[in-house]
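The values are calculated or read from the model by the stated rules, or taken from the named source; none is laboratory data. Only a predicted model underlies this, so the values are computations on that prediction, with no experimental measurement involved. Please note: Cβ atoms are built from the backbone with ideal geometry, for glycine as well, and neighbour counts cover all protein chains shown.
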Amino acid sequence: MAVSKRLRYEILRRDSNTCRYCGASAPDVQLRVDHVTPVALGGTDTPDNLVTSCEPCNSGKSSATVDSALVADVSDDALRWAAAMEQAAANLQMLEKPKDEYRDAFLAEWNRWHFGKEKKPVELPGDWKLSIERFRVAGIPVWMWADIVDIGMANQKVKAENTFKYCCGVAWNKVDELHSEAGRIVGAKPTPANLDVRASVLEAAYAIWHAGMVDNTEAPTAEQKAAFRSSLAKLPGLDLEAPERIIGAALHATYFAMCDIAEALRDMDRDTVWTAWHAAWPTVYVPSEDPAEPWGKVIGGPTDDQIEWVKKQIDSLLNADVYIRRLVRAASHAGTHKSARLYLGLSDDELAKTSVSPWKSRASEIWRVAFTASDMSEPSAKEREAFFASLQRIVKDGDFILADVYEAAAAAGSYKDPDLSTCLPRYLSATKAAAAPLGGEN
């Protein structure tokens, strides 16, 4: 409510028509009625928060507060509020100081790197400060950023726009290392009998999810909160045996505004297996002087068809509840051999979900390695199709010995021949045939 004319008159009369800041009086200066605690800072229009002020003092004061000695007869509550507001601002500034110093230290390491002839800086995403603050709270020391940034920048496989995200992945690995070392130092301690581990893990996951949602988007609604808590309550005990996965999934859920921890776990596992396969795939980095491609080119990567098939296999195997670490091992093996067939260490029942044959996959890897050995040229898509077609013909012909197929694959690959039948032995000694496993199945 605005200050009335009558109230202005009473304030001026109370203060003897004299500015309480500098002592000037009418008619030498134009007088106004001023708020001790500005309205912008929560001040009211009551008499105990109003004083007489000349025009110069009022204009210069703006939203600042005044010295209590100048307005001794004004309400003590108003003055205490003004002082409290000043102290609160100072406290907040002190709280921000460590954050600013930490961010500045990170920026110093980040800005050491440039790309291209023009030495352009590597851009940071708009929300980088939130991520860096998480690492400060998680315990990453300032000195560690030099190593983290160097690892991220030096990986030529990572695109420029993904460099910061890659560095964050390295930083989370460092957090895990720090936690492991801290646990080793303090030693294992018995869990208090009154500590509900499950409840503690779930509550920690909820707190991380809620804080991340607020940082990345906006405060979650009541429906979203209820949905996420409900999904946490439905987690099986097996998942809670690895609390770091639950915490990681809660953080992952904030990136994509998910409200279901099971969905976040599945999405996180999918990314983990996919990354293991793609990162293991051998590629060649070719530098470029083209400004449009300052990071150069990476050649020899998987085709779009291979990528899509691998993603389908990952989904099928995750739906079959295959243990994530076994999937990562199978994906890493396939990527290393430039194969889109995930099979290593997986059972026949699990592979039935993807229609991948272990022995065919093994034969194709042997054939490809032999094919590229002489001049490093990879088989074309047409040659790969012809190779698997020849395998199908061998299966259709009848019984065969796997050792013969593998030998034929190596020989055919060295000749750059996609047809194994020309190199497949038809006769073996009785001893060798008896010792070798029989095939013929798909």
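Taking the residues in region 11-34 that are acidic (Asp, Glu) and surrounded by 14 or more Cβ atoms within 10 Å (Cβ to Cβ) as candidates, determine which candidate is nearest to the chain's Cα centre (by Cα).
Our first condition is that a residue be acidic (Asp, Glu); within region 11-34, this holds for 15, 28, 34.
Then drop every residue that is not surrounded by 14 or more Cβ atoms within 10 Å (Cβ to Cβ), which leaves 15, 34.
Working: Asp15: 62, Asp34: 51 Å.
That would be Asp34.
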remark   = Within region 31-48, the count of residues that are modelled with pLDDT of 85 or more and assigned to a loop (DSSP other than H, G, I, E, B) comes to 0
request  = Mind listing whichever residues of region 7-25 are out of contact with any strand residue (DSSP E or B) (no Cβ under 6 Å at 6 or more places or on another chain) and more than 14 Å from Asn58 (Cβ to Cβ)?
outcome  = Leu7, Tyr9, Glu10, Arg13, Arg14, Ser16, Gly23
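Every residue, every condition in (1) more than 30 Å from Tyr166 (Cβ to Cβ); (2) at pLDDT 85 or above, yes or no:
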| site | (1), (2) |
| --- | --- |
| Thr65 | yes, no |
| Ala78 | yes, no |
| Trp81 | yes, no |
| Gln93 | yes, no |
| Glu109 | no, yes |
| Leu130 | no, no |
| Arg136 | no, no |
query = Does Asn173 meet the test of being on the phi < 0 side of the Ramachandran plot, at pLDDT below 65 and in the same structural domain as Ala146 (by TED's automatic domain parsing)?
reply = no
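Taking into account only those residues within region 111-128 that are aromatic (Phe, Trp, Tyr) and either within 16 Å of Asp150 (Cβ to Cβ) or not assigned by TED's automatic domain parsing to the domain that holds Asp147 (or both), which is modelled with the lowest pLDDT?
Phe115
Every residue in region 307-332 that is buried (at least 20 other Cβ atoms within 10 Å of the Cβ), under 21 Å from Phe388 (Cα atoms) and free of Cβ contacts under 8 Å to residues at least 40 places away in the same chain, please.
Filtering region 307-332 down to residues buried (at least 20 other Cβ atoms within 10 Å of the Cβ) leaves 310, 313-314, 317, 322, 327, 330-331.
Within this subset, residues satisfying the condition of being under 21 Å from Phe388 (Cα atoms) are 310, 313, 330-331.
Hits for region 307-332 are Val310, Ala330.
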